[in-house]
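Input: a single structure, listed below in structure tokens.
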Amino acid sequence: MIRAKITGTGMYVPDRVVTNKDLEQLMDTSDEWIRQRSGIEQRHYVEPGQLPSDLAEAAARQAIEDAGLEPDQIDCIVLATLSPEAEFPGTSFFLQERLGGHVPCFDLKAQCSGFLYSLGVARSFVKSGQYKRVLVVGCEVHSTGIDLTTEGRDVAVLFGDGAGAIVVEADDDPDGRSDILSVVLHAEGKYAKKLWIEAPGSGFQPTRITQELIEEKRHFPRMQGKFVFKHAVTRMPEALREALDEAGIKQPDVDLFLFHQANLRINEFVANAMEIPPEKTRNNMQRYGNCSAASIPMLIAEARREGSIEPGSIVSMTGFGSGFSWASAVVRW
Ligand code: UT7
């Protein structure tokens, strides 16, 4: 049986740090409010001219090097994003150009669950024998698409820019045990409008974007925060348990639980509800904010770098986001 092994990880955030105090200059908010409600202390924003594919490339090159590979050894690129570089083609194509070659690439849009959805796709590609080495990237540039005024403050203060990447490789060594053991994916489209950006979109006629839509700020994200919060804390434990069951892993045997980085209160709530000890979790939204599809691979790269994931570690990952979409995976490193 072919196993799907994560062999390399990488992450990148732009240099520009934007603190909660910096946001106080732009809108009616406070460092205290942001920390209390979300746990976030700062986030990184791109510099003028810095592109999503700049972030994706830096994270991808790190992951490829960490796997001991050259870019031309990658067979396929899956890039999860909700903030693409252009309307089309996807950011993955701009990344592919930089890495060289003609390998297939595509963007996957499942918002904050996008990385775990992409992990599921990469796992299937590898286990089916279609590709041997798949690069999975989560990449977001949110700072250019949020309403940085008091009107947009409920969403704007939460998000940051960043990219994370992993390499998933086929492994058929009979003595090997590393594997992506399970990936469970869920969605509930009836709540699509509880957290969304509606414009530009081909649902608008005769044109996708108008001055009026911009004046009404319909090109900025809108969220019913409390509603999203309640669903996140319900769905995340459900999916986490389901992924553990499918993997045949008992909860106490998990070494590290990684959650999407939307809100520290959500993650603490989920950890408490599931009686997960705090030392088995880690969060980085304090430093990076919510980087949607990039959040989990950024966490993975940091955990690897700092030695909290080692060969043999059992890692559980769970996310929830717009769509609604939610997902969970269990990996034996
Ligand atoms: O990544 C995708 C998934 N996303 C999530 O999981 C996000 C889930 N939701 C949340 O994390 C939380 O709902 C938020 C952090 C977004 C908001 O926290 P909350 O405790 O639900 O606050 P709220 O939206 O109910 O707002 C409370 C008050 C309101 O004022 P009034 O009506 O009580 O006077 C807001 O207007 O806080 C006000 N407010 C702010 N005040 C200062 C909203 N945003 C801000 C702000 N600064 N940035």
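The values are calculated or read from the model by the stated rules, or taken from the named source; none is laboratory data. Remember, it's a predicted structure, so these values are computed and weren't measured experimentally. Cβ: placed from backbone, ideal geometry, glycine included. Neighbour counts: every protein chain shown. Please note that ligands, DNA and RNA were not included when accessible areas were found on the heavy atoms of the full protein model with its side chains. Shrake-Rupley method; radii C 1.70, N 1.55, O 1.52, S 1.80 Å.
Below is a table of values for the structure above.
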| read-out | value |
| --- | --- |
| Spin-label zone in the range 61-93 - amide nitrogen under 17 Å from a point set 7 Å from the Cα of His102 along the C-beta vector | 72-77, 93 |
| For the range 209-220, 3J(HN,Hα) per residue [Karplus equation, 6.51 cos²θ - 1.76 cosθ + 1.60, θ = phi - 60°, Hz, x = Gly/Pro] | 9, 9, 4, 5, 4, 5, 4, 7, 6, 7, 8, 9 |
| Over the chain: Kirkwood hydrodynamic radius from C-alpha pairwise inverse distances, Å | 19.9 Å |
| Of Gln211, Ile276, Val330, farthest towards positive along the dipole that unit charges on Lys, Arg, Asp, Glu beta carbons give the chain | Ile276 |
| Helical mean residue ellipticity (222 nm; -39500 (n - 2.57) per DSSP H run of 4+; nearest 500) of the chain | -9500 deg cm²/dmol |
| Rg and Dmax of the range 127-220, Cα atoms only, in Å | 20.1, 62 |
| Pair Lys190, Asp72: separation of 7 Å Cα→Cβ label points (nm) | 5.4 nm |
| Trypsin sites (Lys or Arg not before Pro) restricted to the range 159-194 and DSSP loop, no more than 15 other C-beta within 10 Å | Arg177 |
| Rg/Rg_globular for the range 91-133, with Rg_globular taken as 2.2 N^0.38 Å and Rg from C-alpha atoms | 1.25 |
| Per DSSP, loop GluC sites (Glu not before Pro) in the range 233-333 with at most 12 further Cβ within 10 Å | Glu275, Glu306 |
| Relative contact order of the chain, defined on C-alpha pairs under 8 angstrom at six or more residues apart (%) | 26 percent |
| Probe 1.4 Å, protein heavy atoms only - accessible area per residue of the chain in square angstrom | 44 Å² |
| Relative packing of 129-138, 151-160, which averages over residues the other C-beta atoms within 10 Å, highest first | 129-138, 151-160 |
| Accessible-area composition of the chain, carbon plus sulfur, in percent [1.4 Å probe] | 49 percent |
| Measure of compaction for the range 3-171 (Cα Rg per 2.2 N^0.38 Å) | 1.11 |
| Burial order of peptide ranges 323-329, 28-34 (average beta-carbon count within 10 Å, highest first) | 323-329, 28-34 |
| Rounded to 10°, Cα long-axis angle of helix 114-127 versus longest principal axis of the chain | 20 degrees |
